[in-house]
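Notes follow the structure.
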């Protein structure tokens, strides 16, 4: 048993994420109904055998919608993290490598963005774009990229100043080699952790913005579904309940995974600490 | 006054149980300065901590320690508090770590005195500081640890140790990391305390040991391998490790001891020192020697020498 | 004296950041492709009359070069004028201050809840490390940050306002009375507590490892002093920092929570001004919120330096 590499948190996280990914991938086959099909004489029905999660105010099957919404959320999350990762890592590394005034300018630029509470700026950007998925992805990427820039910049700076880089250079090592052999290993673990936790945060933020009507509006999305269900809180609470549960499960999965990864990469042995001297 | 019998401290590790302190027997008399010499990692500090019941939660302790006739290892937490500070005091290695950085020296000294029900007046504190050689005591009291020099911090740590007037003061590496001149002054100060109480000194500095000790015990790989009165020890060490230790000193021939100190999980069979011993014979490889009395007040753990 | 120099340096460094913040706030409209005037006047039923758009463009000064627009705006802002709302024709600054007052009240009560949950929770988790209490605390923390706050808000409303009917569903009440504040504050407070609890725990665990704790015990000090005085004073230092960051978290959360509970705070203002394309309000709110955020971070840094005597007296760290 590879006890060292896996721990309980990671396992729970992977199971939860795996389940959601599976549901997302198989949604077209698993969903009992067409998520967009309206049915005005089946509105706001409580969960039943025909409609396991009930129906919403337009008679649509909530289970089907929830399953399709999983695809949307994972897509948005993946896109934002992907864009932020690439843009952030590139900008951060180059800035640190270049050093000097370039570095200073970039850092001031980053600080400028970080001066805003993330929700406000994401809201503004998504709003300006008018409330569609593209705008949402752009808005969230603008907020997320800074974390990657910071991490990669930190790693590059740390390595840049080390002696063995000077030695490596003297022995003829050039930038790509240094990048691959010295910087990459240092960088992978923190980037992995923030990507995982970031995924959870992005999904939450996307749901929040969609809830406000500034995110996805054409396809089912969990946050947007909660918003739709809000008018029927008293009469049909199931409408807003189920999408929310799925958000919790998905984000919890990513948080467990990230937490577990963080424990591995930053080992502070909890159960076995003894001091010997 | 303090008698230790068969003291063992063990932990569970992924590689099995380990015993950093393994069957230690020794006695400390009233007003005697007893020094334990050993390299880092031989278990000295754990031994010191165990005498105050300060071992980590997962440590297993066995053996008996009698202080003034009373057994203390089996005490409950509440009773330990009466011993700590009051009967046995402990001065830690590295006072930079053992002084709380967010409280003033006055605060820390005052609470030490107060909670042991000792007089805590300003005059009392000043005289205590003077005793440990701190000049400008009033000014120093209002300062924080990071504002003091290394030597000053050490003096404070010792002052905190004797503030509660314990019968035994354990000083764990009191001169570690200090400049030579400061070291001498600390040794001078400690020797003045010698007359008032017993001191259990732990050090790997042979100069300090020779200046302060009445008795020496040498620790290797968790065991005591030699116990002797200081004078006869430094004149003629008996255990091979002891003699090689002295020979490796810069002021003597500076011959390093071949090999490395064994890891806790990889202790040699038989005599633990045999891989590095010039006098080792076949018996040393297979049988584990016990501590034997050779002369009056001299004990050695060695087949070749006993 | 040293503190003062440190303060001055920090404030000086803020200026470029604030400048950038003002630029971003001002120009956010330009991020989207398309003409700003058109964008602002485009309703759900399509683009407005081109003539109206043209007039609007002139009136708002969108036809001026960017730096002129920005410069004019900046001058106005520095003299305290944040413009007038498109919707209400009232001064933006007035609306912002009024709404921020409501958010501030909510934030304070939320913070109280947060501290009440996180501090004892974190301490117990640390002292009972590796037992079920610790595991429970960890689960609470992970769960707390995984719950979407709008959903949590509605659940709370469902339980307390609808089923139990002991609290109002939302709104401001009479100038923000307690009963109207409890549910939103509790919702905000529990999420923020989830984060703070972990920090309290790890901070205390870190401190308990230090030699000065062992030394305090060795001097015969009673356990409640060892933990209550020595350990906690050190453990609280990073927690105070975190409280400041918590406030930022609360500010973010206000956007959604205030919408859910119809609380007239700054988050609510931001959302409604985005809905109505009230551009001066958007600019002003962004600027204001960023400004508050920056000030809070500064205060946090200062308090950190004050609490840790090593930073107070030691020049090198500054």
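Any read-out appearing in this document is the output of simple, stated calculations on the displayed coordinates, not a laboratory observation. In this text, all values refer to a predicted model and were calculated from it rather than measured experimentally. Because the Cβ atoms are built from the backbone with ideal geometry, glycine has one as well, and the counts that use them run over all protein chains shown.
Structure data summary
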read-out	value
Span per principal axis, largest first, for the Cα atoms of chain A (Å)	78, 49, 33
Extension gain (nm, one decimal) between residue B:236 and residue B:249, 0.36 nm per residue minus Cα-Cα	3.2 nm
Protection proxy ranking of A:220-227, B:286-293, C:288-295, C:213-220 - average other beta-carbon atoms within 10 Å, highest first	A:220-227, C:213-220, C:288-295, B:286-293
Alpha-carbon centroids, segment B:253-306 and segment A:73-137: separation in whole Å	65 Å
Helix A:62-98 axis, angle to chain A major axis (alpha carbon atoms, nearest 10°)	20 degrees
Estimated inter-spin distance, residue C:206 and residue A:249, nm [label 7 Å along Cα→Cβ]	3.7 nm
Over segment B:1-41 - Rg/Rh using Cα atoms and the Kirkwood inverse-distance radius	1.10
Largest-first principal axis extents of the Cα set of chain B (Å)	64, 45, 39
Radius ratio Rg over Rh of the protein assembly as shown, counting only Cα atoms, Kirkwood formula for Rh	1.06
Sorted by Cβ density within 10 Å, fewest first, the residues A:204, C:127, A:74	C:127, A:74, A:204
Shielding by other protein chains, C:240-249, mean Cβ within 10 Å	1
Separation of the residue C:276 and residue C:98 label points, Cα + 7 Å toward Cβ, nm	1.1 nm
Between segment B:70-113 and segment C:144-214, the alpha-carbon center distance in angstrom	40 Å
Quarter of the Cα convex hull surface for chain C, i.e. its orientation-mean projected area (nm²)	22.0 nm²
Packing-based exposure ordering (other Cβ within 10 Å, fewest first) of A:199, C:87	C:87, A:199
In degrees, nearest ten, helix C:266-275 long axis to first principal axis of chain C (Cα)	30 degrees
Sequence ranges A:230-243, A:142-155, ranked by mean other-Cβ count within 10 angstrom, highest first	A:142-155, A:230-243
Number of partner chain Cβ atoms within 10 Å, mean per residue of B:164-171	1
Helix-only mean residue ellipticity at 222 nm for the protein assembly as shown, each DSSP H run of n ≥ 4 adding -39500 (n - 2.57), per residue, nearest 500	-18500 deg cm²/dmol
Nearest-ten-degree value, helix A:100-114 long axis tilted from longest Cα axis of chain A	20 degrees
Label point distance in nm, residue A:234-residue C:179, each placed 7 Å from Cα along Cα→Cβ	1.6 nm
Average beta-carbon neighbours from other chains, 10 Å sphere, peptide A:244-252	4
Beta bridges per DSSP with both ends in chain B, % antiparallel, nearest 5	60 percent
R0 of 56 Å, Cβ-Cβ distance residue C:116-residue C:55: FRET efficiency to nearest 0.05	0.50
Length gained when the stretch residue B:179-residue B:285 is fully extended (0.36 nm per residue, less Cα-Cα span)	34.0 nm
Antiparallel DSSP beta bridges within the protein assembly as shown, percent to nearest 5	60 percent
Cα centroid of segment C:237-251 to Cα centroid of segment A:1-71, whole Å	36 Å
